[in-house]
1. Tell me which residues, restricted to region 122-174, are among the polar types (S, T, N, Q) and either closer than 24 Å to Leu87 by Cα or touching a Gly at 6+ places or on another chain (Cβ under 9 Å) (or both).
2. Filter region 87-108 down to the residues that are touching a residue at least 24 places away in the same chain (Cβ under 8 Å), over 25 Å from Ala73 (Cα atoms) and not hydrophobic (A, V, I, L, M, F, W, C) and list them by number.
3. Give the residue that is surrounded by the most Cβ atoms within 10 Å (Cβ to Cβ), with candidates limited to residues of region 72-109 that are assigned to a loop (DSSP other than H, G, I, E, B) and of a type in the set (Ser, Thr, Tyr).
4. If you take the residues in region 124-165 that are open to solvent by 90 Å² or more (accessible area, probe 1.4 Å) and of a type in the set (Ser, Thr, Tyr), which one is farthest from Arg107 (Cα to Cα)?
5. Counting only residues that are over 25 Å from Ile12 (Cα atoms) and aromatic (Phe, Trp, Tyr), how many does region 62-106 have?
6. Tell me whether region 110-123 contains one or more residues that are more than 25 Å from Leu28 (Cβ to Cβ), of a type in the set (A, V, I, L, M, F, W, C) and either surrounded by 13 or more Cβ atoms within 10 Å (Cβ to Cβ) or modelled with pLDDT of 90 or more (or both).
Amino acid sequence: LKPRGAGDDTRITPKLGLIWHPGIDTTLRAAFLRVVKRKINDDAGLEPTQVSGIDQYYDDGNGSKSSGGALAADFKPYDTMRAGASLSRRNVDVPLINGDESIEFHRYREREAGAYVHWTLGKVATLGVRVRHTRYARTEDSVGDEGFSIVDTTQLPVSLNGFGPRGLWSPLVV
């Protein structure tokens, strides 16, 4: 993203991901990411959307610059159960174009914690429960027309998937 008449902006956006299996039924993952959100018509690249199974792309505005990291742990306590937890944080600099076509960046902070449990119920169904809490924070000078500086959201979806013969399946998510 650049104002008219500006030069090209070249940035290095490093990504570092680690996956460790300390036991046969345990996986630990970590990632550090820096991302610049490209224009939608420039998204035809081959860059992966995840690093170590951790998302690096979000629905940020074009030209947004973000950096952050995440930790996650996945477990298999029983043959029919998978469980896990994750923590992540991102700092996002969102570009706003002023009337004179100059650009100023506003800092947003995002923090997230989540956990999940998935069960296999015989050969015909799976049950999943996930909880995720996210906090979005803006600096005082970045409060927009919406008028908020902090928003907390918590999601608790429960899903039941049924599998039938010939590859048919049907999800139910509440």
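1. Taking region 122-174 and keeping what is among the polar types (S, T, N, Q), we get 126, 134, 139, 142, 149, 153-155, 159, 161, 170.
If the condition is that a residue be among the polar types (S, T, N, Q) and either closer than 24 Å to Leu87 by Cα or touching a Gly at 6+ places or on another chain (Cβ under 9 Å) (or both), then Thr126, Thr134, Thr139, Ser149, Thr153, Thr154, Gln155, Ser159, Asn161, Ser170 are the ones that fit.
2. So in region 87-108, the residues touching a residue at least 24 places away in the same chain (Cβ under 8 Å) come out as 87-88, 90-95, 97, 101-103, 105-108.
If we keep only those that are over 25 Å from Ala73 (Cα atoms) too, we end up with 93-95, 97, 101-103, 105-108.
Of everything in region 87-108, those that are touching a residue at least 24 places away in the same chain (Cβ under 8 Å), over 25 Å from Ala73 (Cα atoms) and not hydrophobic (A, V, I, L, M, F, W, C) turn out to be Asp93, Pro95, Glu101, Ser102, His106, Arg107, Tyr108.
3. Looking only at region 72-109, we keep the residues that are assigned to a loop (DSSP other than H, G, I, E, B), and these are 79-80, 98-102.
Among the residues that remain, those that are also of a type in the set (Ser, Thr, Tyr) are: 80, 102.
Values: Thr80: 12, Ser102: 10.
It comes out as Thr80.
4. Thr154
5. Of the residues in region 62-106, 2 are over 25 Å from Ile12 (Cα atoms) and aromatic (Phe, Trp, Tyr).
6. Here is the first cut: in region 110-123, the residues more than 25 Å from Leu28 (Cβ to Cβ) are 121-123.
Among the residues that remain, those that are also of a type in the set (A, V, I, L, M, F, W, C) are: 121.
So of that shortlist, the ones also either surrounded by 13 or more Cβ atoms within 10 Å (Cβ to Cβ) or modelled with pLDDT of 90 or more (or both) come out as 121.
Yes; the residues of region 110-123 include at least one that is more than 25 Å from Leu28 (Cβ to Cβ), of a type in the set (A, V, I, L, M, F, W, C) and either surrounded by 13 or more Cβ atoms within 10 Å (Cβ to Cβ) or modelled with pLDDT of 90 or more (or both).
The values are calculated or read from the model by the stated rules, or taken from the named source; none is laboratory data. The shown structure was predicted, so the numbers you read here are calculated from the model rather than taken from an experiment. When we count neighbours, we look across all protein chains shown, and the Cβ atoms used for this are built from the backbone with ideal geometry, even at glycine. These accessible areas exclude ligands, DNA and RNA; they are computed on the full protein's heavy atoms, side chains included. Shrake-Rupley method; radii C 1.70, N 1.55, O 1.52, S 1.80 Å.
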